[in-house]
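Q: Right, I'll just put the structure down here and ask away after.
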Amino acid sequence: MKIAFISDIHGNAVALEAVLEDIQLQKVDQIYVLGDICFRGPEPQRSLDLVRSLHTEVIKGNADEWVVRGIRKGEVPDSAYEIMNKERNWIVHHLTSEAIEYLQQLPTNLKVVHENVSIHGFHATPISLFENIFPNASDEEIENKLLVEDADISLYAHIHKPYIRTINSKTIINLGSVGLPFDGIKKASYALVEVDQQFVQSSIRRVSFDVDKVINQFKQSDYPNKEKLIDILSRAKND
């Protein structure tokens, strides 16, 4: 059984299409989505439509929550509060009301069992959509905040920096980001978990996408704060 976990698409349908093509090439049996589908990208509705076409389980991320109810004081730096709410308003304007209702009703945790391997997925932590746990966190912090007691594998998203660690025979995986990588690599990322009766294998897949096309989509739009997003996409390396 091959299982793909994707997240943090952020309205980048071009990157999502590239990832879905790679998933097909990998002959994946099941896909799960761990949130942040529409916000901060040029194609929010198309990104959501692609996710929904997968007919799979999807959970909510902090950016999905923001689309539904706006950004509150203290959830982002004060200097970013006003512009990020303008971005949110742009996204809402480019989504149907039915799409917003869909985001509102998403659950916040995912629990699956494949061949006696227990897998638990969440966006930031099992109890928060917003807390940041970074790759350099201590084993103790990861154990306390990310590892789910009854799960063999815990997966999360949110920080846009993929990694895999094993602590006390339990695995924690961060998927990275499909649409807005923060680790300086100009490629989408997602996690692949392969389970059979003999072994469990986890890996991070990096997938090239047409970054220039996405940058041009921003340039040709009236998206607020597009210079910030263009800068993030532009300054990443190709490898």
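The values are calculated or read from the model by the stated rules, or taken from the named source; none is laboratory data. Bear in mind that the values here come from a model prediction, so they are computed numbers and not experimental data. Reconstructed Cβ throughout: ideal geometry from the backbone, glycine too, with neighbour counts over all protein chains shown. Note: areas computed on protein heavy atoms with side chains; ligands, DNA, RNA excluded. Shrake-Rupley method; radii C 1.70, N 1.55, O 1.52, S 1.80 Å.
Q: Quick one: if the Förster radius is 30 Å, what FRET efficiency do Asp139 and Asp196 give, using the C-beta to C-beta distance and rounding to 0.05? Can you show the working numbers first?
A: Details: r = 28 Å, r/R0 = 0.94.
Efficiency at R0 = 30 Å is approximately 0.60.
Q: For a quick check: with amide H placed at 1.01 Å from N, whose amide H comes under 5 Å from His114's, ignoring anything fewer than 5 positions away on the same chain?
A: Residues meeting the amide H criterion: Ile119.
Q: Using the heavy atoms of the protein chains and a 1.4 angstrom probe, tell me the accessible area per residue for the range 71-123 in square angstrom. If you can, show how the numbers build up before the last one.
A: Values: 3020 Å² over 53 residues.
With all protein chains present, the range 71-123 gives 57 Å² per residue.
Q: To continue, here is another question. Express as a percent, rounded to the nearest 5, the fraction of DSSP beta bridges in the range 68-191 (both residues included) that run antiparallel.
A: Working: 12 of 19 bridges.
Percentage antiparallel, nearest 5: 65.
Q: Another question about this same structure. Once amide H atoms are placed 1.01 Å from N in the peptide plane, what residues at a sequence separation of 5 or more from Tyr190, or on another chain, have their amide H within under 5 Å of its amide H?
A: Close amide H contacts, sequence-distant or interchain: Arg205.
Q: For the chain, modelled as a Gaussian network with Cα springs under 10 Å, which listed residue fluctuates most, Arg88, Arg52, Arg40?
A: Arg52
Q: Answer with one residue from His120, Gln104, Val178: the one whose Cα lies farthest towards the positive end of the charge dipole of the range 87-178, charges on Cβ with Lys, Arg +1 and Asp, Glu -1.
A: Selected residue: Val178.
Q: Another one. Can you compute the FRET efficiency between Gln105 and Glu75 using 1/(1 + (r/R0)^6), with r the Cβ-Cβ distance and R0 = 22 Å? Round to the nearest 0.05. Working shown, then result.
A: Values: r = 21 Å, r/R0 = 0.95.
The value I calculate is 0.60.
Q: Using θ = phi - 60° and the Karplus form 6.51 cos²θ - 1.76 cosθ + 1.60, what ³J(HN,Hα) does each residue of the range 61-73 get, whole Hz, x for Gly and Pro?
A: x, 4, 5, 5, 4, 5, 4, 5, 10, x, 9, 9, 3
Q: Continuing with the same structure: Per-residue HN-Hα couplings for the range 166-181, Karplus 6.51 cos²θ - 1.76 cosθ + 1.60 at θ = phi - 60°, whole Hz, x for Gly and Pro?
A: With coefficients 6.51, -1.76 and 1.60, one gets 10, 10, 6, 6, 10, 9, 10, 10, 9, 6, x, 9, 5, x, 8, x Hz.
Q: Connecting C-alpha atoms closer than 10 Å in a GNM of the chain, tell me which of Arg206, Arg165, Arg72 has the biggest fluctuation.
A: Looking only at Arg206, Arg165, Arg72, the largest GNM fluctuation is found for Arg72.
Q: Next up: Roll a 1.4 angstrom probe over the protein heavy atoms and tell me the percent of accessible area of the chain that is carbon or sulfur.
A: Numbers: 4900 of 11000 Å².
After summing per-atom areas, the C and S share lands at 44 percent.
Q: Continuing with the same structure: Placing +1 at every Lys and Arg Cβ and -1 at every Asp and Glu Cβ, with all other atoms neutral, what dipole size does the chain have around its Cα centre, in debye to the nearest 20? Each step should come with its number before you reach the end.
A: Values: 26 positive and 35 negative charges, 117 e Å.
Using Cβ point charges on Lys, Arg, Asp and Glu, the chain gives about 560 debye.
Q: Counting C-alpha atoms alone, how compact is the chain: give Rg to one decimal and Dmax as a whole number, in angstrom.
A: 17.0, 52
Q: Also: Show that you can apply the helix-only estimate: for the chain, add -39,500 (n - 2.57) for every DSSP H stretch of four or more residues, divide by all residues, and state [θ] at 222 nm to the nearest 500. Don't skip to the end; give the middle numbers.
A: Details: 8 runs with 79 residues, N = 239.
Estimated from H runs of four or more residues: -9500 deg cm²/dmol.
Q: Right, another one. Suppose we keep just the DSSP beta bridges with both residues in the range 133-239; what percent of those would be antiparallel, to 5?
A: 70 percent
Q: While we're here: Testing the spin-label approximation: label points 7 Å from Cα along Cα→Cβ at Lys27 and Ile204. State their distance in nm.
A: Placing both labels 7 Å beyond Cα along the Cβ direction yields 2.7 nm.
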